[in-house]
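Asks: Here it is, the structure in full.
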Amino acid sequence: MQIKEFVAKVKSKEIDILDYTSKVLQELEKTNNEYHYLSNISKELALYLAKKVSKDPSGKLAGVPISVKDCICIKGLETSACSTILKGYKPVFTATVVNKLIKEGAIIVGKTIQDEFGFGSFCTNIGNGFSTPLNPFDKERCCGGSSGGSAGITKKSKNLHISIAESTGGSIACPASFCGIVGFTPTYGLLSRNGLIDYGSSLDKIGPMAKNINDCQTIFEIIKGQDIKDPTSKFKILDTNKPKTFAIIKEAFEVDSGIKEIILKKLSNLGFETKEISLPYVKKYAIPAYYIISMAEASTNLAKFCGLRYGLQMDLKEKYNEYFSKVRSQGFSKEAKRRILIGTFARMAGYRDAYYLKALKVRQKIINEYKKAFKKNEILISPSMPILPPKFTEIEKLAPIDTYQMDQLTVGPNLAGLPHISINAGFKEELPIGMMLIGDHFNDNSIFTALGEYGEN
Amino acid sequence: MECNQSLIKKLAKNARINLSEKELKELEPELNAILENFKILDKAETKRIEPAFHPIEIQNTMRDDIIEKSLSQEQTLKNASLKKDGYFKGPKVV
């Protein structure tokens, strides 16, 4: 059942929302025991919101169960971005996007597991006390990262389920692909980041995950918009024209031949007439440019976590700097330390021009290359991921740089802040394959129109 | 550019992170492999290109200078286990 049909049934009392919410919570608990998608289930909040909706079901999302990635703040609910350094932190305010959902009658059912602060492609890099989410199609495989819990629960839940995720370099498209659902990443700035625990401030984008495209669009329409609390957020009236020109990105299809065939077949079934374009600059430089910028920004964003005021706090035996170093050494995982060190290096006097500023200039050239492609093509198409969801035993063998290479198809649009959607294109070896549609800045609705008009719902 | 243990120690000190000998040994080849991979950016021609600090044009947004209700002292201290007499308690500075 999709949101619109569900909400109509809640409004007509065909669905008793108190009863339904209780059943949803029971199902979540059962699924979570087996698959580990949620860092906590917000039973008390969900039942409180359900009571409110039962009295006033007028909202556009009356009764819709929604989970939220752990890096997005909800007042009173533990929010740690799955990092040990923030364990126990309960925000005293709620993120703008979550407030918008609650205002429309959504039922917040819990927080979802992610890679610590978003640092990962497989949702295996999580802090102490959290369990690794298992792929809904094969428990020996990962959900993808970093929004792995969001994608897993969206797929596995038998009830209507929406999850609010976040992408910095591909953290929505990757897990959406690996779990066989729809994940939408809007144009940078279209949604408020107020209440999001930052990873890379010039890259972070909140976006919805759903079982179908219509529901993704419904949620996007509600949570988008400028917010005085986020000075990088924008107000834009979005174009809804039906796209007529589609192009596949040549370099992005240099992947496993099975993945390529399934996506080309899907495009043919959709009736898309495509031509081929080349984006060599994106292929060659997007990964190093993305990682330098994201690590530089992460190293500054994570500087505030020092064992005072909230999160992990320890005995005050040492002096100032020694205390901060002690807490940070215990609270951050190895991957967080790796990214902080490289980010610090890239910003350090003597290296800043060669690394950080160079990467920012390369980002501009990458944006220019996309803009040139959009002059003749409205939608660009690529696989979401170059591989099938890997097994945990395979992930263990990967060096950090090998893991970073897995983001080769998603970092381009993320670095350029372009809207993109990952939808399921089919299956290989009974595992899902995602296809990504990328639009120009602020052409978010054109992506939905393209898929809707072509009957993909 | 070689990222040796001496440089890693300096970075860790700047970033306020203590590294064990084991971590230091593991990080050295890992960071070098990553930075080696990043070196490809040297080949990118970027003359007369301005750095893109954001992917879209961002304009300064100023809010009206109106006093608004802020967090209470109680709310502000809610997540702090280190506190005394209504203040955050921190480590010795000197």
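The values are calculated or read from the model by the stated rules, or taken from the named source; none is laboratory data. As the structure is a prediction and not an experimental result, all values here were calculated from the model. Methodologically, a virtual Cβ is constructed for each residue, glycine included, from the backbone with ideal geometry; neighbour enumeration extends over all protein chains shown.
Asks: If we scan region B:8-26, do we find a residue that is more than 7 Å from every other protein chain (Cβ to nearest Cβ), more than 23 Å from A:Asn368 (Cβ to Cβ), out of contact with any strand residue (DSSP E or B) (no Cβ under 8 Å at 6 or more places or on another chain) and not in a helix (DSSP H, G or I)?
Replies: Looking for residues that are more than 7 Å from every other protein chain (Cβ to nearest Cβ), more than 23 Å from A:Asn368 (Cβ to Cβ), out of contact with any strand residue (DSSP E or B) (no Cβ under 8 Å at 6 or more places or on another chain) and not in a helix (DSSP H, G or I), one finds at least one in region B:8-26, hence yes.
Asks: Check off (1) away from chain B (no Cβ under 14 Å); (2) touching a strand residue (DSSP E or B) at 6+ places or on another chain (Cβ under 7 Å) for A:Ile237 and give me the number that stays unchecked.
Replies: Only one criterion is unmet by A:Ile237, namely (2).
Asks: Also: How about region A:254-288: which of its residues are touching a residue at least 40 places away in the same chain (Cβ under 8 Å), more than 14 Å from A:Gly412 (Cα to Cα) and of a type in the set (A, V, I, L, M, F, W, C)?
Replies: Across region A:254-288, the qualifying residues are A:Val255, A:Ile259, A:Ile262, A:Ile263, A:Leu267, A:Leu270, A:Phe272, A:Ile277.
Asks: Cβ-Cβ distance below 8 Å, separation of 6 or more or different chains: which pairs start in region A:114-133 with a residue that is at positive phi and end on one that is among the aromatic types (Phe, Trp, Tyr)?
Replies: Between residues of region A:114-133 that are at positive phi and residues that are among the aromatic types (Phe, Trp, Tyr), the close pairs are A:Phe117/A:Tyr199; A:Gly118/A:Tyr199.
Asks: For region A:381-399, does any single residue satisfy the condition of being within 11 Å of another protein chain (Cβ to nearest Cβ) and either touching a His at 6+ places or on another chain (Cβ under 6 Å) or within 24 Å of A:Phe130 (Cβ to Cβ) (or both)?
Replies: Yes: one or more hits.
Asks: Just one of (1) closer than 30 Å to A:Glu254 by Cβ; (2) outside any helix (DSSP H, G or I) trips up A:Leu316, so point out which.
Replies: Result: A:Leu316 fails condition (1) only.
Asks: Pick from region B:28-52 the residues that are under 19 Å from B:Glu2 (Cβ atoms) and more than 7 Å from chain A (Cβ to nearest Cβ): which of them is nearest to the chain's Cα centre (by Cα)?
Replies: The qualifying residue nearest to the chain's Cα centre (by Cα) is B:Leu35.
Asks: Next question, about the same structure. Being of a type in the set (Gly, Ala, Ser) and at the interface with chain B (Cβ under 7 Å from one of its Cβ atoms) narrows it down to one residue among A:Ala336, A:Ala359, A:Ala346, A:Ala354; which is it?
Replies: A:Ala359
Asks: Now for a separate question. A:Lys242 is checked against (1) part of a strand (DSSP E or B); (2) exposed (fewer than 15 other Cβ atoms within 10 Å of the Cβ) and fails just one. What number does that condition carry?
Replies: The number of the failed condition is (1).
Asks: Would you mind stating whether A:Phe272 is in contact with a strand residue (DSSP E or B) (Cβ under 7 Å, 6 or more places away or on another chain), modelled with pLDDT under 95, more than 10 Å from chain B (Cβ to nearest Cβ) and surrounded by 14 or more Cβ atoms within 10 Å (Cβ to Cβ)?
Replies: Yes.
Asks: Would you mind finding the one in A:Ala399, A:Ala416 that is hydrophobic (A, V, I, L, M, F, W, C) and more than 25 Å from B:Glu45 (Cα to Cα)?
Replies: The unique qualifying residue is A:Ala399.
Asks: Filter region B:61-89 down to residues that are of a type in the set (S, T, N, Q) and more than 7 Å from chain A (Cβ to nearest Cβ) and give me whichever is nearest to A:Leu316 (Cα to Cα).
Replies: Among those that are of a type in the set (S, T, N, Q) and more than 7 Å from chain A (Cβ to nearest Cβ), it is B:Thr76.
Asks: Regarding A:Ala303, is this residue within 11 Å of another protein chain (Cβ to nearest Cβ), within 28 Å of the chain's Cα centre (by Cα) and buried (at least 20 other Cβ atoms within 10 Å of the Cβ)?
Replies: The answer is no for A:Ala303.
Asks: For region A:120-138, what are the residues that are among the aromatic types (Phe, Trp, Tyr) and over 22 Å from A:Leu388 (Cβ atoms)?
Replies: Scanning region A:120-138 gives a single hit, A:Phe130.
Asks: Next up: Could you grab me the full set of residues in region A:343-370 that are closer than 22 Å to A:Lys283 by Cα, polar (S, T, N, Q) and out of contact with any Pro (no Cβ under 8 Å at 6 or more places or on another chain)?
Replies: A:Asn368
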